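Worksheet for the structure shown next.
Only the coordinates and a few stated rules stand behind these numbers; no lab work does. Keep in mind that what you see is a predicted model, and the values were worked out from it rather than measured. Heads up, the Cβs are rebuilt from the backbone with ideal geometry, glycines too, and the neighbour counts pull from every protein chain shown.
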Amino acid sequence: MITLEAPYTEDKIRALKVGDMVAISGTLYTGRDAFHKYLHDGGKPPVDLTDQILYHCGPVVVPEGDGWRVKAAGPTTSIREEPYQGDILRRFAVRGVIGKGGMGEKTLKALQEVGAVYMHAVGGAAQVLARCVTRVKNVYMLEELGSPEAVWELEVAEFPVVITMDSHGGSLHREVLSRSRQALDAIL
Amino acid sequence: MSALQESLLELIRRTSAELPADVVAALDRGRAAEAEGSAGAYAMGVIRDNIALARTASAPLCQDTGSVLFYVHAPVGLDTIAFREAAEAAVRLATEKGWLRQNSVDSLTGANAGTNVGPGHPTIHVEPWRDESVEVRLMLKGGGCENVGAQYALPDTALGAGRDLAGVRKCVLDAVLTAQGKGCGPGILGVCIGGDRATGYAHSKEQLLRSMDDRNPDPELDRLEHGLVEEANTLGIGPMGFGGQTTLLGVKIGVLNRLPASYFVSVSYMCWAHRRQGVVLDGAHAITRWLY
């Protein structure tokens, strides 16, 4: 297990490759469909995303005392952000995207250019991942976007991911798609 | 809170936080099939840990608590309006408690009222029967897997699929290939041959209410159900699409009559977190038995 701690520098990120199992300690910002569209349509991000990691996630969060508690926090399907992700990576110098199911060629290209990686969290592992959230530091755009789509600033410790798309053009998703297509052709 | 509301609230809680035994068993078998040290084995291990954590914490297995789908079988005379009122109240309360995510979005405005109640939400299917008892089943079907469902109209030239079981097979395998890991596999497929576009999809979801270990009473369909699991697993998509031995845990096929002009094959993809549970209610609406 490789440890990745904030600050998420380009060097640290470019050292990662497809297949690496990584444990992240630092800050994650959730952002999914509505936030990506908002940025794509020219919206200004509520925080500086430089060298940050975006997490495709709509957590279940309940109020607790003065703040919030994350009750469930697994990843959402990333491919829906494919039209927007590459541009966002470039414009805001984002270093990593966590999600599930992988992303496409546009994003893969941007990962190479910018020096960023796509990190796959286990889909549906909402409790395992919620336990990695040590604190909800803040939430942005909660009114406008609603709870699942808001930008939740999460402090995490040893958040486990697998690198499935790296900054060198490698993609596990492309490999599995190709192999499975061949396997299907063989039995049809 | 009425007794019915209380029972429905507990049904929601358990469905969200606890996987039924037959699904857990299927996942255990899947985990054993993965190569030690592989990413597929790793994913299955995290899934196992997650199942245990959710049960202990009484918290959602997956943060996408999905569409709330009730299936009710009851004697003629059940007050279905009162049932909907109780179900909606239970859904609101379950959402406040964090057993359900705030999952209902206005399709025109994007607004989320935070209650999980709105046009079409929750869905309640009611079927009268001559039995004396009331059975309420609940399925929470997430959006990720919902998005990789598919409906085919046969004949399909691109797939080379004609209007027969050989064609159905091609449709199902195509759906699995296209889904890759995006439905949070290893998944379970509900399939309907026939129906119209609406009933075909609805019936395919009802197939997901079947127990993992049941057998299709039609021997040809039974063969196809098992054959498809084997064949899908040879594609090597694996858990989460990481590659591996376990791509599907089960396939359940139902049939409806169709129009001469139409031959639909509807495929509903359900993720590994196959949250479906059910209760038998007595005359006072208290839970007397769990169905899974």
Study note, to complete from the structure: Of all lysine pairs in the stretch A:2-187 that are eight or more residues apart or on different chains, those with Cα atoms under 23 Å apart total 14
Review point. If you place +1 on the Cβ of every Lys and Arg and -1 on the Cβ of every Asp and Glu, how big does the dipole about the Cα centre of the stretch B:1-117 come out, in debye to the nearest 20?
Key: 120
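What is the ratio of the Cα radius of gyration of chain B to 2.2 N^0.38 Å, where N is its residue count, to two decimals? All intermediate terms of the calculation are to be shown ahead of the outcome.
Details: Rg = 19.1 Å, N = 292, 2.2 N^0.38 = 19.0 Å.
For chain B, the normalised Cα radius of gyration comes out at 1.00.
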Exercise for review: List the lysines whose Cα lies under 24 Å from the Cα of B:K252, skipping any in the same chain that are fewer than 8 positions away.
Suggested key: B:K141, B:K170, B:K182, B:K205
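Once you order the gyration tensor axes a ≥ b ≥ c over the Cα atoms, which shape class does the stretch B:174-288 get: rounded for a/c under 1.5, otherwise prolate or oblate by comparing a/b with b/c? Please report the intermediate quantities before stating the final value.
Values: a/c = 1.86, a/b = 1.20, b/c = 1.55.
The shape class here is oblate.
So, with +1 on the Cβ of K and R and -1 on the Cβ of D and E, and no other charges, what is the size of the charge dipole of chain B about its Cα centre, to the nearest 20 debye? Walk me through the intermediate numbers first.
Working: 27 positive and 33 negative charges, 76 e Å.
It works out to roughly 360 debye.
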**Study point:** Within-11-Å neighbourhood charge of A:F92 [Cβ basis; K, R +1; D, E -1]
**Key:** +1
**Study point:** Exercise: per-residue mean of other protein chain Cβ atoms within 10 Å, B:39-51
**Key:** 4
**Study point:** Paramagnetic reach from B:D49 in the stretch A:53-73 [backbone N under 12 Å; point 7 Å along Cα→Cβ]
**Key:** none
Check your understanding: Spin-label point model (7 Å from Cα, Cβ direction): what's the B:L291 to B:T199 distance in nm?
Key -> 2.1
Check your understanding: Is there a simple number for the mean count of other chain Cβ atoms within 10 Å of the Cβ of residues in A:74-83, and what is it?
Key -> 4
Review point. What is the calculated FRET efficiency for B:L159 to B:S107, with r their C-beta to C-beta distance and R₀ = 35 Å, to the nearest 0.05?
Key: 0.65
Exercise for review: Please report, to two decimal places, log10 I(q)/I(0) for chain A at q = 0.08, 0.18 Å⁻¹ as given by the Debye formula with identical point scatterers on the Cα atoms and no solvent.
Suggested key: -0.24, -1.18
Exercise for review: Using only Cα atoms, tell me the angle between helix A:105-114 and the longest principal axis of chain A; keep it within 0 to 90° and round to the nearest 10.
Suggested key: 70
Check your understanding: Hey, what angle do you get for helix B:3-17 against the long axis of chain B, alpha-carbon based, 0 to 90 degrees rounded to 10?
Key -> 30
Practice item. Mind telling me which of A:V47, A:V117, A:V22 comes out most flexible in a GNM of chain A, alpha-carbon contacts under 10 Å? Key: A:V47
Review point. By how many nm would the segment from A:T50 to A:E144 grow when fully extended, if each residue of separation counts as 0.36 nm and the alpha-carbon distance is taken off?
Key: 31.5 nm
**Study point:** Among A:T27, A:S171, A:P75 the positive-end extreme of the charge dipole of chain A (Cβ point charges)
**Key:** A:S171
Revision key, fill the gap. Each residue of B:52-60 has, on average, a number of other protein chain C-beta atoms within 10 Å of its C-beta equal to 4
Review point. Given the stretch B:144-270, what percent of its DSSP beta bridges are antiparallel, to the nearest 5?
Key: 60
Check your understanding: Per-residue ellipticity at 222 nm for chain B, helices alone: DSSP H runs ≥ 4 residues times -39500 (n - 2.57), over residue total, nearest 500 deg cm²/dmol?
Key -> -12000 deg cm²/dmol
Practice item. Compare B:A41, B:A158, B:A74 in a GNM of chain B, Cα atoms joined below 10 Å, and give the one with the largest fluctuation. Key: B:A158
**Study point:** Estimated FRET transfer efficiency when R0 is 51 angstrom, pair A:H168-B:D222 (beta carbons, to 0.05)
**Key:** 0.60
Exercise for review: Name the most mobile residue of B:A25, B:A111, B:A89, meaning the one with the largest mean-square fluctuation, in a Gaussian network model of chain B with Cα contacts below 10 Å.
Suggested key: B:A111
Point to revise | Cα pair distances exceeding 42 angstrom across the protein assembly as shown, given as percent | key: 15
